[in-house]
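The values are calculated or read from the model by the stated rules, or taken from the named source; none is laboratory data. Since the model is a prediction, treat every value here as computed from it, not as a measurement. Note: ideal-geometry Cβ built from the backbone for every residue, glycine included; neighbour counts use all protein chains shown.
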Amino acid sequence: MCINFGILTVYTLELFPTVYRALAVTIANSIGKFGSMISPVIINTLVNNNIQPYISYGFLGVIGLILSYLMKETFGKGLTEEIEENKIN
């Protein structure tokens, strides 16, 4: 879980222009922390309904892996300062 926060922060920093960068990182971290808070509730609900939580989280991990291939590539690109620069790249 901790490495996901690091990857999400770096990717968000590279993806958004300077004018929105701090806001984007804050929103991404808030969503990650909400996921950390709701995770024990999900596990408790799955265990109480006789569903193996490992299977459910494994399934979500595979979905995350598939969705990561749809993300925009940022390797070798500079950080943009304005929104217009981001549209050109």
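Worth a mention:
- Residues being of a type in the set (A, V, I, L, M) and either at pLDDT 85 or above or touching a strand residue (DSSP E or B) at 6+ places or on another chain (Cβ under 6 Å) (or both) - total across the range 48-69: 3
- Residue match in the range 51-62 (condition: part of a loop (DSSP other than H, G, I, E, B) and loosely packed, with under 14 Cβ neighbours inside 10 Å): yes
Yes or no, residue by residue, for (1) under 23 Å from GLY76 (Cα atoms); (2) surrounded by 13 or more Cβ atoms within 10 Å (Cβ to Cβ):
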{"residue": "VAL10", "(1), (2)": "yes, no"}
{"residue": "GLU14", "(1), (2)": "yes, yes"}
{"residue": "THR26", "(1), (2)": "no, no"}
{"residue": "ILE43", "(1), (2)": "no, yes"}
